[in-house]
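Notes follow once the structure below has been shown.
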Amino acid sequence: MQVFIQNEAGSFFKNFFDEKTLHFIATARVSRAYPLPYGFILNTTGKDGLNVDCFVLTNRSLHTGQIIECDAVGLMEQFENGEEDHNVLAVIRGEQAQLDALTEHKLADFVLHVFDHIPGKTVLVGAFRSAESAMDYVASHEDPQSRANSAVV
């Protein structure tokens, strides 16, 4: 799967893009620094109408606007204002990374507090799921055109 890097690890700024055209829209400050590179999976659409969100488990410096080939290693359930907004957890293709308790804690703490500056916004973290759950989640949110193209191959 291809992941578009939206926000760099260590950044206190969230970049907004039209996730279908990759056109930059704006930047806003958030309450916590991103613990890992964060973006979205191309050719997908989540329940919120945006692409499926993704954290990349890597120590490599990834930059906003890069598109990286990744493999899913897990799924973090997340709900914003009562709506499903899960995050796929991925590694760069060819790299090895483990989803351990420390990483889970770091990600949960981040998503629970990244929007502290927005009054009334509620974020809940659910379970951390397997790589298979993540792959099923991505497959169930692939854009129809993307599925048609992959069936032709």
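Quick notes on this structure:
- Those lysines that a straight Cα-Cα span of less than 21 Å connects to Lys106, excepting residues fewer than 8 apart in one chain: Lys14, Lys121
- Note on the chain: with a GNM built from Cα contacts shorter than 10 Å, the maximum mean-square fluctuation among Asp116, Asp53, Asp71 falls on Asp116.
- Check: the chain dipole with +1 on Lys, Arg Cβ and -1 on Asp, Glu Cβ, in debye: 380 debye
- Of the GluC sites (Glu not before Pro) found in region 35-110, those in coil by DSSP whose Cβ has at most 16 other Cβ atoms within 10 Å are Glu95.
- Subtracting the Cα-Cα distance of Ser130 and Asp71 from 0.36 nm times their residue separation leaves 20.0 nm of extension gain.
- Against the empirical 2.2 N^0.38 Å (N residues), the chain has a Cα radius of gyration ratio of 0.99.
- Where a label projected 7 Å from the Cα of Phe12 along Cα→Cβ would reach, residues of region 92-126 with amide N under 13 Å: 117
- Modelled spin labels at Glu80 and Gln96, positioned 7 Å past Cα toward Cβ, are 3.5 nm from each other.
- Amide H partners (placed H, <5 Å) of Asp143, local residues excluded: Thr44, Thr45
- Using a Gaussian network model of the chain in which every pair of alpha carbons under 10 angstrom is joined by a spring, one finds that among Ile68, Ile92, Ile118 the greatest mean-square fluctuation is at Ile118.
- Residues His113 and Gln145, FRET efficiency given R0 of 41 Å [Cβ-Cβ distance, rounded to 0.05]: 0.65
Computed from the coordinates by the stated procedures, all read-outs in this text should not be read as laboratory data. Predicted, not measured: the structure shown is a model, and the values here were computed from it. Counting neighbours? That spans all protein chains shown, and the Cβs are built from the backbone with ideal geometry, glycine included.
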